[in-house]
Amino acid sequence: MSIITGRGDSGDTDLLFGKRIAKTSLRIDALGNVDELNAALGLARAASHDAVRIALIDRLQSLLVGLMGQLACLPEDEARYFEKKYTALTPTDLDWIVTEAHQYEAKGIKFTGWARPGAEGSFARAGLDYSRAVARRAERSVLALHQSGEPIPEVIRLFFNRVSDLLWILARVAGD
């Protein structure tokens, strides 16, 4: 089966459980921003030489995959999503992000060039800064979707704020 189906030529795309939605919808915008965050993290991960940081980014990417599944599910299909035991973001995931941020903060944060990503000459750190900026955009698009009347679980709304803070800290910590 080819990935090229032509089904999206009309400007619609598939969500979970066979639902179709306009590619210009707020939900698809949010999904696209989360997808871009995952790709940006992939760049930071590929540029890193620190095994612990690579593992942390890998876990963040794994969380994003589950989160995209949740966003690709309309509210009326949420029970079905959980019935199928698909991955979902949890408060424990948020706690892990905060714990990681505090642990990295305790190592000391370097502010040199923080407003100019890449000033330190590190592709990995610049990738983390880029990922942080994309995380903030994803946060805005998820909040816009929620404020439009489509309920988004609080854990998802909080995730991007927490992860962008963590990415800011990671880009400031010495290494790579």
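Couple of notes before you dig in:
Results for (1) more than 17 Å from A124 (Cα to Cα); (2) under 10 Å from the mean Cα position of the chain (by Cα); (3) touching a residue at least 60 places away in the same chain (Cβ under 8 Å), shown as yes or no for each residue.
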position	(1), (2), (3)
L16	yes, no, yes
N38	no, yes, no
A44	no, no, yes
D50	no, no, yes
A55	no, no, no
Q61	no, yes, no
L64	yes, yes, no
L71	yes, no, yes
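- Pick from the stretch 21-71, criterion assigned to a helix (DSSP H, G or I) and of a type in the set (V, I, T), ranking: farthest from A88 (Cα to Cα): V52
- Residues (outside any helix (DSSP H, G or I) and within 21 Å of the chain's Cα centre (by Cα)) located in the stretch 91-117: P117
- Close contacts from the stretch 129-152, counting a first residue that is within 22 Å of A39 (Cα to Cα) and a second that is of a type in the set (S, T, N, Q) and in a loop (DSSP other than H, G, I, E, B), with Cβ to Cβ under 9 Å and a gap of 6+ residues or different chains, come to L145/S25.
- Index of the failed condition, D93 passing every other in (1) at pLDDT 95 or above; (2) surrounded by fewer than 11 Cβ atoms within 10 Å (Cβ to Cβ): (2)
- Residue count, the stretch 1-44 (criterion: acidic (D, E) and either in contact with a strand residue (DSSP E or B) (Cβ under 7 Å, 6 or more places away or on another chain) or over 23 Å from L74 (Cα atoms) (or both)): 2
The values are calculated or read from the model by the stated rules, or taken from the named source; none is laboratory data. Predicted model, so just to flag it, every value in this text is computed and none were measured. Note: ideal-geometry Cβ built from the backbone for every residue, glycine included; neighbour counts use all protein chains shown.
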